[in-house]
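Participant: One structure, as structure tokens, below. Some questions next.
Values in this text are rule-based calculations from the coordinates and carry no lab data. All figures in this text were calculated on a predicted structure; none of them were measured in a lab. In this analysis, Cβ positions are derived from the backbone assuming ideal geometry, glycine residues included, and neighbour counts consider all displayed protein chains.
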Amino acid sequence: MVIGGFMQYLKDEVRNRIVYEALREFKNKGYKGASIRIIANSSNTSVGNLYKYFSSKEDLYENLIGSVYKRLMDYISEINSVKINDEAEHIFYNLLNKIMEIFKENSIELAILLNKSEGSKYENCKSTFADFITRIVSQTMEYELHLKGMRLKDNFIIYLLSCNLVEDMAVILNQQEDGDRIRKLILDIIDIFFNNILDKLDCENI
């Protein structure tokens, strides 16, 4: 049992080294430019041994980035299922806090996802996130406007703000490393972009 446990420890140590070096390689060179050989060499292991843990570069990327992306999309699905009413703001706030915890704890993975995904199946993730933000903010604004006897003529301003928010998040993640600071900066940007947005929208009476 002691020998078996020691061997498992060695395997975990090798895997952890591979993960650490892979994150560095993907952040520096992106999915497209990353080299399995360099990751293996930096991990003090062989390419053949690396493939015992991860079957390909795509598999390695998926293990590191895909799991974080899935957690984000799970929360996005939860937000999409929320019925827009007077209780929605409280629910959105709680889910936003959960999303911000992912940004705090997995900032390197998200920096790679938003900045270095070209060539992977996640290369269009910025558009996915911007469309999601646009949809949620638009639905919320439409509800609030309806209570005032008004309606939204178009949501182009919301779309522009959403695209810029995602781009700013990518810059923050690329240039900052402290999870708490990343969380605060993103929340500050959200507040700057969307505070009092109702007054800036193109609306009309119903």
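Participant: Suppose R0 equals 45 Å. What FRET efficiency, 1/(1 + (r/R0)^6) with r the Cβ-Cβ distance, do N16 and L147 give to the nearest 0.05?
Facilitator: Details: r = 53 Å, r/R0 = 1.17.
With a Förster radius of 45 Å, E is 0.30.
Participant: How charged is the neighbourhood of I84? Take every other residue with its Cβ under 13 Å from the Cβ of I84, and add Lys/Arg as +1 and Asp/Glu as -1.
Facilitator: Working: positive: K83, R135; negative: D86, E87, E89, E142, E144.
That works out to -3.
Participant: With labels modelled as points extended 7 Å from the Cα through the Cβ direction, what inter-label distance (nm, one decimal) is found for N174 paired with D199?
Facilitator: 3.3
Participant: Moving on to the next point. On average over all directions, what projected area in square nanometres does segment 60-181 have, based on the convex hull of its Cα atoms?
Facilitator: Details: hull surface 32.2 nm².
Mean projected area for segment 60-181: 8.0 nm², to one decimal.
Participant: Filter the DSSP H helices in the chain by two things, a Kyte-Doolittle mean of at least -0.5 and an axial alpha-carbon span of 27 angstrom or more, and list the hits by number.
Facilitator: Details: long enough: 2-33 (41 Å, -0.64); 125-147 (34 Å, 0.09); 156-175 (29 Å, 1.32).
What comes out of the filter, once short or polar helices are dropped, is 125-147, 156-175.
Participant: For the chain, with only Lys/Arg (+1) and Asp/Glu (-1) charged at the beta-carbon, what is the dipole magnitude about the Cα centre, in debye rounded to 20? List each step's numbers first, then the result.
Facilitator: Details: 26 positive and 31 negative charges, 184 e Å.
The dipole magnitude comes to about 880 debye.
Participant: I need the Kirkwood Rh of the chain: take the reciprocal of the average 1/r across all distinct C-alpha pairs and report it in angstrom. Write down the numbers at each step before the final one.
Facilitator: Details: mean 1/r = 0.0522 Å⁻¹.
Computed over the chain, the radius equals 19.2 Å.
Participant: Scan around C203 for amide H atoms under 5 Å from its own, H built in the peptide plane at 1.01 Å from N, and keep only partners 5 or more places away or cross-chain.
Facilitator: K153
Participant: While we're on this one: Tell me the mean residue ellipticity at 222 nm calculated for the chain from its helices only (DSSP H runs of n ≥ 4, each -39500 (n - 2.57), averaged over every residue, nearest 500). Walk me through the numbers on the way to the answer.
Facilitator: Values: 10 runs with 151 residues, N = 206.
My calculation for the chain gives -24000 deg cm²/dmol from helical runs alone.
Participant: List the lysines whose Cα sits under 20 Å from the Cα of K57, skipping any in the same chain fewer than 8 residues away.
Facilitator: K11, K27, K29, K32, K70, K116, K121
Participant: Something else now. If amide hydrogens are placed 1.01 Å from N in the peptide plane, which non-local residues have theirs closer than 5 Å to the one on M150?
Facilitator: Close amide H contacts, sequence-distant or interchain: I206.
Participant: Still on this structure: Cβ neighbours within 10 Å, averaged per peptide: list 35-45, 78-88 in order, most packed at the top.
Facilitator: Final packing ranking: 35-45, 78-88.
Participant: Then there is this: Could you state the number of Å between the C-alpha centres of segment 19-57 and segment 106-128?
Facilitator: 17
Participant: A follow-up question, please. Where the only charges are on Cβ atoms (+1 Lys, Arg; -1 Asp, Glu), what is the dipole of segment 87-138 about its Cα centre, to the nearest 20 debye? Kindly include the intermediate steps, with their values, before the conclusion.
Facilitator: Numbers: 6 positive and 8 negative charges, 26 e Å.
Once rounded to the nearest 20, the dipole reads 120 debye.
Participant: Right, next: Can you return the lysines within cross-link range of K153? Criterion is Cα-Cα under 24 Å, with same-chain partners fewer than 8 residues away left out.
Facilitator: Once the sequence-local lysines are set aside, what remains near K153 is K83, K200.
Participant: In segment 136-206, which trypsin sites (Lys or Arg not before Pro) are in a loop and have at most 16 other Cβ atoms within 10 Å, using DSSP for the loop call? Working shown, then result.
Facilitator: Details: sites: K148, R151, K153, R181, R183, K184, K200; in loops: K148, K153.
Here the sparse-neighbourhood loop sites are K148, K153.
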